[in-house]
1. At residue 117 and residue 152, where each label point lies 7 Å from the Cα along Cα→Cβ, what is the point-to-point distance in nanometres?
2. Can you send over the carbon and sulfur percentage of the accessible area for the chain, probe radius 1.4 Å, protein chains only?
3. Taking the Cα centre of the range 1-144 as origin and charging only Cβ (+1 Lys, Arg; -1 Asp, Glu), how large is the dipole, in debye to the nearest 20?
4. Let's test the formula: R0 of 25 Å, r as the Cβ-Cβ distance of residue 127 and residue 27. What FRET efficiency results, to the nearest 0.05?
5. About its Cα centre, how strong a charge dipole does the chain have in debye, to the nearest 20, once Lys and Arg get +1 and Asp and Glu get -1 at the Cβ?
6. Add -39500 (n - 2.57) for each DSSP H run of 4 or more in the chain, then divide by its residues: what number comes out at 222 nm, to the nearest 500 deg cm²/dmol?
7. Calculated from the structure, Rg/Rh (Cα atoms, Kirkwood Rh) equals which of (1) 0.99; (2) 1.24; (3) 0.94?
8. Restricting to the chain, compute how many DSSP beta bridges are antiparallel as a %, nearest 5.
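The values are calculated or read from the model by the stated rules, or taken from the named source; none is laboratory data. What you see is a predicted model, and the numbers here were worked out from it, not measured in a lab. Please note: Cβ atoms are built from the backbone with ideal geometry, for glycine as well, and neighbour counts cover all protein chains shown. Accessible surface areas use protein heavy atoms only, side chains included; no ligands, DNA or RNA. Shrake-Rupley method; radii C 1.70, N 1.55, O 1.52, S 1.80 Å.
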Amino acid sequence: MSDQTEQKFGFVIPVYNHGAVLESVVKNLVQYNYPIIVVDDGNDEKNKAFINDIAERYSLITLLVHPKNKGKGEAMKTGVRKAEEMGLTHILQIDSDGQHDAGRIPQFLELSKQNPKAIICGYPVYDESAPHHRVVARKISNAWIHIVSFTTSDQVRDALIGFRIYPVAPYCKVLRRHSIIDTHMGYDIDILVHLLWLNVPVISEAVKVHYPEGGVSNFRAVRDTLHISFTYARLCIGMVLRIPILLKRKIFG
């Protein structure tokens, strides 16, 4: 039986180019009365004005600012380090664009309370708004995570979604051990694999994902495909070095 009394939850929201829709996400979070760490990842003045206004009006928000854009990965690292400083044991990562179904938060929190050592990792259930090429590319990416992490598709259903609950202690352990964690779209893959290598369990749960018409996407096809490709190449090298440990773990549990 897990000790629920020791868990202290919070939210981390990296924000870049989504200042105008950030409040819709924050409104879905304040009902839980947990700290909300917002990371302004070098936004322009227009987006910064939205973010600062929201931070002033919602007392649960702790606002952190990158003077220049550093990428989603760096924003998350900044947010999780702050969570550790605040004494939080678990954080729920949610994107600032409002694509994720916030109605799933109670189920994710409950699963985390029952399994405090685990990552509760969302996997997307798309509606008709999802771009076909993004869905196909995601399937290819997800095939690779099972190779580099020695996991099955039942354990890890998706490597890229930004809707997850992380236990803070092992996350920060990875940050202290590894100076190279991808800063952009390879980040979600990179941190998940490193935590899997640390033998942190993963529980996959569905979350609906909607791409709103006219929404702003930070995905840059060439740049981010290269980031993801280089991330997997680096993880393959890391996997080869860890094969004895990973095989022993897989065989003997």
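1. Label-label distance for residue 117 and residue 152, simple model: 2.0 nm.
2. 57 percent
3. On the way: 17 positive and 18 negative charges, 74 e Å.
For this selection, approximately 360 debye.
4. 0.70
5. Roughly 1000 debye for the chain.
6. Value at 222 nm, helices only, nearest 500: -15500 deg cm²/dmol.
7. (3)
8. Antiparallel bridges: around 25 percent, rounded to the nearest 5.
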